[in-house]
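Below you'll find the structure, written out as structure tokens, and then a few comments.
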């Protein structure tokens, strides 16, 4: 009997889900899918990542082994100044999916807002009467398959910067008429986080991750170091693939861009929504961010991206049914200095 050869076990290094690992096109993401909800409401919002701390909460999850007990959990604080409903976008359904037909821009914006918007987009020289446009479109509602809101952030309120971000947010509702009536009243107005989400709900978080530049395959994919007598280099893949076909497959872990990529994290539990930033700002402010001056949202766990990055929130597409709709009681929120002062 000869010796049995051990079974080779070499799991693939790095998920193929995220290929190609290239830099994001812009610093804040777009959302491609929205949940279908009968309730007439905005399905998304956005805010700026301030930082993290920890909280002690009373666990109210039904099947948790620590139910009713006080547990320590990590918490992310996102500052969410009001967003402006800048325009309405109307879509038709075609054989290639939804196609934008027309847009109606708000005509009642202040000079300060217009000045900030001019930093981001080229504004039309002539103002069109939004009320007249909406009256004409209301007669043709049957032609449209979808209406969405074009929103602009108000970063000036956070004192981080002046240039706003502009993105699209879908609206819930049973039919197009409900959505139209709801959005018609919001055009040109500001919406707060408390008007969109409630504590206890779950949201999906979209952001562009922290950029780490050009990295080698060991750091980028977690491959093993070669033997210390390996030729030329230890921090390289052992083989680039078979001799034939003479092609290096894209699945081979190689050096390249790491980070600064759009990522989504599902089912983040909203622990709290508030308007007084002093209640969540630690002593000395958040490192690399400062003081929370506007509305804020507390999420259980971490979110992608560094400080000051725009975080987009969407009503959970596939919510965790085990999480209750009532937020847990927050017994203590750590506001000690994050700078060791």
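Miscellaneous remarks
- Over the chain: helical MRE at 222 nm, DSSP H runs n ≥ 4 each giving -39500 (n - 2.57), nearest 500: -3000 deg cm²/dmol
- Under 19 Å from a label point set 7 Å out along the Cα-to-Cβ vector of residue 214, the amide N atoms of the stretch 226-257 belong to 233-237, 253-257.
- Based on Cα contacts under 8 Å between residues 6+ apart, the stretch 82-191 shows a relative contact order of 40 percent.
- Inter-label distance for residue 64 and residue 307, nm, one decimal - labels placed 7 Å from Cα along Cα-to-Cβ: 2.9
- Note on residue 123 and residue 291: their simple-model spin labels are 3.0 nm apart, each label 7 Å out from Cα toward Cβ.
- Three-way shape label, the stretch 234-341, alpha-carbon gyration tensor, a/c 1.5: prolate
- Here the gap between residue 41 and residue 141, fully extended at 0.36 nm per residue and compared with their Cα-Cα distance, gives a gain of 34.1 nm.
- Three-way shape label, the stretch 1-72, alpha-carbon gyration tensor, a/c 1.5: oblate
- Rounded FRET efficiency, nearest 0.05, which uses the C-beta distance separating residue 243 from residue 23 and R0 of 35 Å: 0.60
- When 269, 34 are sorted by how many other C-beta atoms sit within 10 angstrom of their C-beta, beginning with the fewest, the order is 34, 269.
- Whole-Å distance, taken between Cα centres, linking the stretch 266-314 and the stretch 1-44: 25
- FRET efficiency, residue 181 to residue 254 (Cβ-Cβ, R0 51 Å, nearest 0.05): 0.40
None of the figures in this text is laboratory data; all of them are computed from the coordinates on show. No experiment lies behind these values; they were computed from the predicted model shown. In this analysis, Cβ positions are derived from the backbone assuming ideal geometry, glycine residues included, and neighbour counts consider all displayed protein chains.
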